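The next block holds one structure in the form of structure tokens; read it before the comments.
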Amino acid sequence: MKSVIPREVETLWTLFTAPVVWAVHFLVCYVGFAVYCAKALSLHLSFDAVRIGLGVFTLLALAMIVLSAYLAWRQWGYGTGDPPHDAPTRQDRKHFQGFATLLLSGLSFIAVLYMAIPMIFIAECQR
Amino acid sequence: MTDDRLTGSECWPIRSRLFIGRITDRADARSFYRAGLMLAASLLCSCSGPQSALDPAGPEAEDVAILFFTMVVGGALIWCSVVGILFYASRKKHAYDAGQASRIILWCGVVFPTIVLGALLSYAVWLMPNIRPGFGEANARLRTIDVAGEQFWWRVRYQNAEGSAAFETANEVRVPVGERVLFKLTSPDVIHSFWIPVLGGKMDVIPGRENHLTLMAEKPGTYRGVCAEFCGPSHAFMAFTVVAMEPGAFEDWTKARASFDGARDAEGLALFLKHGCSACHAISGTEARGTIGPDLSGFGERGSVGVGALVNTQEDIARFIRNPSEIKPGARMPHFSMLPETDIQRIAAYLKGLQ
């Protein structure tokens, strides 16, 4: 049976996944609220609908980061070896990349959460 | 009314020696502690005053002050803990192994700061709607004051109950205590920022936009507002007086200002008109209807001359008339030093008498 989780692929793109999700989430939240506030009268959407929509998007972004963290953890060998993984071998390079990806995923997770906090308290559009 | 708080200083800077190097004897130590006490006293003293966000006179400013002190206390506690742990770690006899060090980094370097920063961020953004209340429908019922930021003064226009302009003044904002007031902020030239620190946060004044800010004074008094966005050579002088008055006194003042008669001193007014001042300045109850410069009705009771540059005395008014740009660089008013000194003094006396 084919696994849902992708096969282990050694590419730098896995390293960037979580920060890219963080950047996209940041942009969508800012641009989403800005467009809504500019077009609120013609959109027939309540402020809370936008808030809930972006809340759901935040959960999706967090899920993607958790998936990225899981893949990184797998690439790191589930933490069986300790850093710094600085030997000139293929195995150490793979473990180093996995560990770096895991740390970046953690940072991105916290950043997305911090970005979501103002969306809970923001009250209305200022005109 | 002259407000010496605009130009004077309640709190003189303390000149103290700088102590560099080791304290060698007891006399030095005493001087050191004395300097420390004086510094602490001067810091505490600087918390109060007519322009201090830490001496609030309105609910929004109170929230800002509480937020500031929460952040200061939170930051001080974290700093003390970090320095304490640093001392403890440097005195410990045995070294940590790699596993213990990793756990310390994880808990003290990742988990603890994340939770503390998350809590402080949540508290700050939770406060924000309280600091900027009253947007939307609720504003329609508020007393409205139109404020325009000019280079380099504030045009202040009060609206009557019907929503049309009742009268205009400049560089002075009067508000009734206990009533929320809506400021409609516009600018014909460059970006300014309208800020009354004792009442609340600042709001940018942007050409082509009308920004709204609501504030409420809870304590009567005379405060100081400023322009908080660099706008040109005299940006620093673009200060204004804020008078929070009891509601009855405020109503009396608005009635008096709406029916102000600037023609009581006929000789002074004649000179004012003769020398062309009315081309730019208006005075209620007279032929002077210029709109380029500040409306001078009630000028004598304002806190300062040249916005925040000079105290409002007859001599300072005369000085300003002689050469405005010497006092306020970049001011659009030309110099009038060519006028006979007696005329300048007479016009200054007339303006001081406009109360």
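The values are calculated or read from the model by the stated rules, or taken from the named source; none is laboratory data. Note that the coordinates shown come from a computational prediction; the quantities given were computed from them, not determined experimentally. Note: ideal-geometry Cβ built from the backbone for every residue, glycine included; neighbour counts use all protein chains shown. The protein model used for the area step is the full one, side chains on, heavy atoms only, and it has no ligands, DNA or RNA in it. Shrake-Rupley method; radii C 1.70, N 1.55, O 1.52, S 1.80 Å.
When we screen B:PHE237, B:PHE230 for residues that are open to solvent by 60 Å² or more (accessible area, probe 1.4 Å), at pLDDT below 90 and outside the structural domain of B:ALA309 (by TED's automatic domain parsing), the only hit is B:PHE237. Taking A:ALA23 as the residue in question, decide whether it is surrounded by 15 or more Cβ atoms within 10 Å (Cβ to Cβ), away from every other protein chain (no Cβ under 14 Å) and assigned to a helix (DSSP H, G or I). So A:ALA23 fails the test.
Okay, residues lined up against (1) more than 15 Å from the chain's Cα centre (by Cα); (2) assigned to a loop (DSSP other than H, G, I, E, B):
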{"residue": "B:VAL147", "(1), (2)": "no, no"}
{"residue": "B:GLU162", "(1), (2)": "yes, yes"}
{"residue": "B:GLU168", "(1), (2)": "yes, no"}
{"residue": "B:ARG174", "(1), (2)": "no, no"}
{"residue": "B:GLY178", "(1), (2)": "yes, yes"}
{"residue": "B:VAL181", "(1), (2)": "yes, no"}
{"residue": "B:ASP189", "(1), (2)": "yes, yes"}
{"residue": "B:PHE194", "(1), (2)": "no, no"}
{"residue": "B:PRO197", "(1), (2)": "no, yes"}
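B:ILE347 meets all of the listed conditions (1) closer than 29 Å to B:VAL177 by Cβ; (2) in a helix (DSSP H, G or I); (3) among the β-branched types (Val, Ile, Thr) but one, namely (1).
Scanning the range A:77-127 for residues that are loosely packed, with under 15 Cβ neighbours inside 10 Å, away from chain B (no Cβ under 14 Å) and under 21 Å from the mean Cα position of the chain (by Cα) returns a single hit, A:TYR78. The one condition from (1) among the charged types (D, E, K, R); (2) open to solvent by less than 40 Å² (accessible area, probe 1.4 Å); (3) out of contact with any Leu (no Cβ under 9 Å at 6 or more places or on another chain); (4) within 14 Å of chain A (Cβ to nearest Cβ) that B:ARG174 does not meet is (4). I'm told A:LEU71 meets every condition in (1) part of a helix (DSSP H, G or I); (2) under 30 Å from B:TYR123 (Cβ atoms); (3) open to solvent by 40 Å² or more (accessible area, probe 1.4 Å); (4) in contact (Cβ under 8 Å) with a residue 60 or more places away in the chain except one. Can you identify the failing condition by its number? Here A:LEU71 meets the rest and fails (2). Filtering the range B:246-275 to residues that are at pLDDT 90 or above and open to solvent by 30 Å² or more (accessible area, probe 1.4 Å) leaves B:GLU246, B:PRO247, B:GLY248, B:ALA249, B:GLU251, B:ASP252, B:ALA270, B:LEU273, B:LYS274, B:HIS275. Take the residues in the range B:81-106 that are away from chain A (no Cβ under 14 Å), part of a helix (DSSP H, G or I) and open to solvent by 80 Å² or more (accessible area, probe 1.4 Å); name whichever of them is nearest to A:ALA111 (Cα to Cα). Top of the filtered list is B:VAL82.
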